[in-house]
Amino acid sequence: MAAVRSQREVWTNRAAILAVLVALVVMLAPIYWITSTAFKPRNLATTVPPTVVFEPTIAPFVKLFVKRSQLREPVSEEVYDAAPWWEQMVLDGGEKVVRRGRTGEVRSSGYGKRFTNSLIVSIISTILAVSMGTLTAYGFSRFRVKGEDDLLFFILSTRMLPPVVVAIPMFLMYRTVGLNDTHLGLIILYTAFNLSFSVWIMKGFIDEIPREYEEAALVDGYTRIQAFFKIVLPEAMTGIAATAVFCFITAWNEYAFALIMTNRKAQTAPPFIPSQVGSGLPDWTVIAAGTFLFLLPVAIFTFLLRNHLLRGMSFGAIRK
């Protein structure tokens with residue numbers, strides 16, 4: 001009997017290890033594909049079977065940040081040798097860098113501006129959503145609110161509709177008040193969209209903080225506000241970090257609102273990257289380079305808060 005049980009445990013462990021490996025392959029394969037394509041020459045991006053071993057190049061990243069057009073005639077050796085090294089990479093791909101007429105200044109593709117817009121909108125909206133969500137969750141957790149369950153359900157109901165459903169009405173309202181294609185418009189929209197998630201997550205964290213901590217602080221002469229900032233807020237920092245990660249990812253990856261509500265001035269990176277496909281032969285290496293750079297801020301932010309994130313996801317799961 002013991003031998004049979006031992007054999008079952010061995011097979012269970014092997015099955016668990018196999019499941020983990022399959023999950024890792026499924027999750028990491030797209031990331032590897034995008035990363036490798038971002039460093040491939042254009043002629044190796046769509047080979048069948050895929051090219052695994054190749055000489056990396058940064059030409060896709062150069063093309064990503066400059067405006068280009070197809071060469072109509074070959075470039076002379078004198079012009080090619082006089083061009084900077086990065087421009088030679090563009091010329092090697094059968095394209096030329098577009099410059100302004102009189103000044104000769106290199107025209108930007110606009111990716112850098114869109115990337116900056118994504119950072120501005122995502123960071124500010126995350127800060128606002130987490131801060132307001134924490135205060136709201138504290139109120140629901142510590143005070144008796146009339147119709148609390150109904151109010152919490154109403155807050156949660158704002159996440160039940162897909163963004164594309166409310167995008168057109170929001171576009172019409174924004175056009176009326178002049179918030180179309182503005183950073184402020186997207187910040188308000190993303191803050192409102194993430195606020196319900198922030199309230200519900202933070203309420204769970206604050207509920208786990210014993211009220212006795214605050215009561216002891218109040219007895220010592222602290223005000224309610226002082227007790228919140230000096231007692232509750234430090235204890236809830238793990239939950240705040242975990243909530244901030246998910247709010248930032250949601251705002252960073254949002255596509256529907258950014259596509260409909262913006263055009264040029266406040267457009268973020270998600271709608272811009274697919275627009276590089278164009279109507280002709282798409283340069284998948286440039287698209288992969290833009291996607292690779294777009295992945296970095298989220299990966300770095302999550303990595304920096306990884307310890308808080310792990311503790312936050314298991315907070316309250318194990319009780320002494």
When the residues of region 61-108 are filtered to those that are of a type in the set (S, T, N, Q) and in contact with a helix residue (DSSP H, G or I) (Cβ under 9 Å, 6 or more places away or on another chain), which remaining residue is surrounded by the most Cβ atoms within 10 Å (Cβ to Cβ)?
Gln88
Looking for whichever is crowded, with 20+ Cβ neighbours inside 10 Å, more than 27 Å from Gln226 (Cβ to Cβ) and among the β-branched types (Val, Ile, Thr) here; the options are Val130, Val121. Which one fits?
Val121
Sole miss for Ala38 among (1) assigned by TED's automatic domain parsing to the domain that holds Ile287; (2) touching a Gly at 6+ places or on another chain (Cβ under 9 Å) is condition (1)
Output the residue which, of all residues in region 25-60 that are of a type in the set (A, V, I, L, M, F, W, C) and touching a Ser or Thr at 6+ places or on another chain (Cβ under 9 Å), is surrounded by the fewest Cβ atoms within 10 Å (Cβ to Cβ).
Val52
Does Ala244 satisfy the condition of being among the small types (Gly, Ala, Ser) and either modelled with pLDDT under 90 or over 25 Å from Asp207 (Cα atoms) (or both)?
no
Residue selected from region 256-279 under the condition at pLDDT below 90 and among the hydroxyl-bearing types (Ser, Thr, Tyr), by the criterion most open to solvent (accessible area, probe 1.4 Å)
Ser279
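The values are calculated or read from the model by the stated rules, or taken from the named source; none is laboratory data. Predicted, not measured: the structure shown is a model, and the values here were computed from it. Cβ coordinates were reconstructed from backbone atoms using ideal geometry, including for glycine residues, and neighbour counts include every protein chain displayed. To get the accessible areas, we keep the full protein, side chains included, count just its heavy atoms, and leave off ligands, DNA and RNA. Shrake-Rupley method; radii C 1.70, N 1.55, O 1.52, S 1.80 Å.
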